[in-house]
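Heads up, the thing below is written out as structure tokens.
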């Protein structure tokens, strides 16, 4: 019998990736609605050290498969191990992040288990009538939100957008089980070889990991106008975001696109400049802690989610803001240099 909710945790370079905590928050809500257990799977090498925190973040059971060959992400190997573990545990629901890893291995696992998979979900819930998973995701270019069910096959599988929910706070009093899975050596044999990791050089600060995001839209009018976004972001050590329109116009590359057809972000500060706030864009940033909007249209949708709004011409406001930040930074640099001279004296 298939029962329980299982989330597939991620590790990068031997460290647990924060998206695991987001999945645990999602899984905890679903497991509680079903009155079932929440488990988390971690594949890697030397990962047992993270088991306690995984439990404190919501898991009832942690399955750890620890082997040197799992140190780096190898799709076919990871698929084989996850398939075997899922067949043994028989969870009713399996969730993974819609990251490169999740998007690569979940279709392979679903095919081997002969079940369905809904990719890139933004919302998950339980249909209390039949206790099936309701999987909501954007469709038709983000113009429609479709809710999908897997009525017959099990487990029900879905990938979830990173940054679409916040992790649960640490509960140091929570207890759970840690199960180390030991498999035969031949399970870990693979024709794959890890050659190396090539970093994305199109952005100094990854838009999904940044604490501050400065985002621009069609209101910047030209590529030269969009340069103001990049200048402002560099002054406050922020990532650069963009609407779909800005990307389609060729002002910036796709990795910076935020919204249903791009990435979901949840920074401490989100500065929206020259963007109206379409439903598709709001879905990708409305969980930000603080939102500041600059737009000349006082009725723009972005002001409905903004904590602070400035109604005015961005071509007057943003250059003045950049100038003040530069002066402030130059003043600090000058004071620092004086301090260094005095220390030498």
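Values quoted throughout were computed directly from the atomic coordinates according to the rules given, and no laboratory measurement underlies them. What you are looking at is a predicted structure, and each value in this text was computed from that prediction instead of being measured. Backbone-built Cβ (ideal geometry, glycine too); neighbour counts: all protein chains shown.
Computed quantities for the displayed model
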| quantity | calculated |
| --- | --- |
| 0 to 90° range, to nearest 10: angle between helix 314-344 axis and the chain longest Cα axis | 90 |
| Antiparallel bridge percentage (DSSP; both residues within the chain; nearest 5) | 20 |
| The chain: most fluctuating residue of 318, 41, 65 per GNM, C-alpha cutoff 10 Å | 318 |
| Residue-averaged 222 nm ellipticity for the chain, from DSSP H runs of 4+ at -39500 (n - 2.57), nearest 500 | -9500 deg cm²/dmol |
| Those residues of the stretch 29-50 whose amide nitrogen sits under 16 Å from the label point placed on residue 180, 7 Å along Cα→Cβ | 42-50 |
| The stretch 212-341 - Rg (one decimal) and Dmax (whole number), Cα, Å | 15.3, 54 |
| Neighbour-count ranking [beta-carbon atoms within 10 angstrom, fewest first] of 228, 106, 1 | 1, 228, 106 |
| Spatial extent of the stretch 5-188: Rg and Dmax, with the Cα atoms as the point set, Å | 15.5, 48 |
| Likely footprinting exposure, 320, 192, fewest C-beta neighbours within 10 Å first | 320, 192 |
| The stretch 32-97 - convex hull of alpha carbons, volume per residue in Å³ | 96 |
| Reference-scaled alpha-carbon Rg (2.2 N^0.38 Å with N residues) for the stretch 152-230 | 1.91 |
| Full-stretch length increase - residue 149, residue 221 - with 0.36 nm per residue and alpha-carbon distance subtracted | 21.7 nm |
| Antiparallel DSSP beta bridges within the stretch 5-188, percent to nearest 5 | 30 |
| Exposure proxy order (Cβ contacts within 10 Å, fewest to most) of 122, 104 | 104, 122 |
| Using alpha-carbon coordinates, inclination of helix 75-89 to the longest axis of the chain, degrees | 50 |
| Pairwise label distance in nanometres, residue 189 with residue 139, each label 7 Å out on the Cα-Cβ vector | 4.4 |
| Label-point gap, in nm, between residue 311 and residue 25 - each point 7 angstrom along Cα→Cβ | 3.3 |
| Label-to-label distance, nm, for residues given as residue 12 and residue 325 (7 Å Cα→Cβ offset) | 2.4 |
| Degrees between helix 100-113 axis and first principal axis of the chain (Cα, 0 to 90, nearest 10) | 20 |
| Angstrom value of the Kirkwood radius, inverse mean 1/r, which spans all Cα pairs in the stretch 85-236 | 19.7 |
| C-alpha center-to-center spacing [the stretch 281-327, the stretch 49-88] in angstrom | 42 |
| The chain - Kirkwood radius from inverse mean 1/r over Cα pairs (Å) | 22.1 |
